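The values are calculated or read from the model by the stated rules, or taken from the named source; none is laboratory data. Everything numeric in this text was worked out from a predicted model, so none of it was measured. Methodologically, a virtual Cβ is constructed for each residue, glycine included, from the backbone with ideal geometry; neighbour enumeration extends over all protein chains shown. The accessibility values were calculated without ligands, DNA or RNA, using every heavy atom of the protein model including side chains. Shrake-Rupley method; radii C 1.70, N 1.55, O 1.52, S 1.80 Å.
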Amino acid sequence: MVDLAHAEKYKKLGLNIAYYRKASGYTQLQLSEMLNIDRTHMGNIELARSGVSLDIIFRISDLLDVPVNKLFEFRD
């Protein structure tokens, strides 16, 4: 469950993950399999319906070859 006080940040993080995933040519299913998480969890991360651990963030960063800080660069 996402802390409502940070919901907008989770939403922007999810949008960035989806952006870089698509730019890398992966589907949610492909990325979730590489991360060893359920596809629905991957979708929930991108849609800000569930929180995400730093371990998963670091693995996403590595798999997408995107620096971690780029995932947290929120555009207005």
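Points to keep in mind about this one:
- With at most 14 other Cβ atoms within 10 Å, longest stretch of the chain clear of loop chymotrypsin sites (Phe, Trp or Tyr not before Pro) (DSSP): 1-71
- Electrostatic bookkeeping for His6 treats Lys and Arg as +1 and Asp and Glu as -1; over the other residues with beta carbon under 14 Å from its beta carbon, the sum is +2.
- Ranked order, Glu73, Glu8 - accessible area, probe 1.4 Å, largest first: Glu8, Glu73
- Label-point separation in nm, Arg75 to His6, each point 7 Å along Cα→Cβ: 2.4 nm
- Choice from Asn16, Asn44, Asn36 showing the highest fluctuation, given a GNM over the chain with Cα pairs closer than 10 Å: Asn36
- Derived scalar couplings ³J(HN,Hα) [region 62-71; Karplus, 6.51 cos²θ - 1.76 cosθ + 1.60; whole Hz; x for Gly, Pro]: 5, 5, 8, 6, 10, x, 3, 4, 5, 5
- Note, ³J(HN,Hα) from phi for region 12-21, Karplus 6.51, -1.76, 1.60, rounded to Hz, x at Gly and Pro: 5, 4, x, 5, 5, 4, 4, 4, 5, 4
- Estimated translational diffusion coefficient (Stokes-Einstein, Kirkwood radius over Cα pairs, 20 °C, 1.002 mPa s) of the chain: 176 µm² per second.
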